[in-house]
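Below is one structure, written out as C-alpha cells; comments come after it.
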Amino acid sequence: TGSTAMMWIIDYARRYGFSRIVSNARKSNLPSLRLHQKLGFEITSTFPGYYEDPDEDATVFELKL
C-alpha cells in the first residue's frame, strides 16, 4: 500500500542520515495528499502545470527528519 511504501521511505531516510524528504502529488489526488499530511509532511508549494495528460498542478511536500 501507499502507507507501507511511505513508511519504508521515511525509515530508510532516517537510517541513512537524510535531513529531509521532498515529495509531490497531483493536486486532485486526495488520498495521497491526506497520506502525506498524516505522516507529518508539510505543504511547501504548488508547481503549476507539473503533470501532463491531463495538465495539473503538483502539490509539493517536505518532511524534516
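For the chain, the solvent-accessible area works out to 72 Å² per residue, with a probe of 1.4 Å and every protein chain left in place. With 0.36 nm allotted per residue and the present C-alpha distance subtracted, the SER19-GLN37 stretch has 4.7 nm of extension available. Can you send over the carbon and sulfur percentage of the accessible area for the chain, probe radius 1.4 Å, protein chains only? Carbon and sulfur together cover 53 percent of it. Across the stretch 11-41, the residues whose backbone nitrogen lies under 19 Å from the label position 7 Å along the beta-carbon direction of SER3 are 11-12, 29-41. Between helix 2-15 and the chain there is an angle of about 50 degrees, using the helix long axis and the longest principal axis of the Cα atoms. Per residue of the chain, the DSSP helices (runs of n ≥ 4 H) give a summed -39500 (n - 2.57) that works out to -11000 deg cm²/dmol at 222 nm. Take every pair of alpha-carbon atoms less than 8 Å apart whose residues are at least six positions apart; their mean separation over the length of the chain yields a relative contact order of 36 percent. Of the GluC sites (Glu not before Pro) found in the chain, those in coil by DSSP whose Cβ has at most 10 other Cβ atoms within 10 Å are GLU52.
First obtain the Kirkwood hydrodynamic radius of the chain from its Cα pairs, then insert it into the Stokes-Einstein equation at 4 °C and 1.567 mPa s, and state the resulting D in µm² per second as a whole number.
Working: Rh = 12.3 Å.
The estimated diffusion coefficient comes to 105 µm²/s.
The values are calculated or read from the model by the stated rules, or taken from the named source; none is laboratory data. The structure presented is a predicted model; accordingly, all values stated were derived computationally and were not measured. Every residue, glycine among them, receives a Cβ derived from its backbone with ideal geometry; neighbour counts consider all protein chains shown. What goes into the accessible areas is simple: the full protein's heavy atoms, side chains included, and nothing from ligands, DNA or RNA. Shrake-Rupley method; radii C 1.70, N 1.55, O 1.52, S 1.80 Å.
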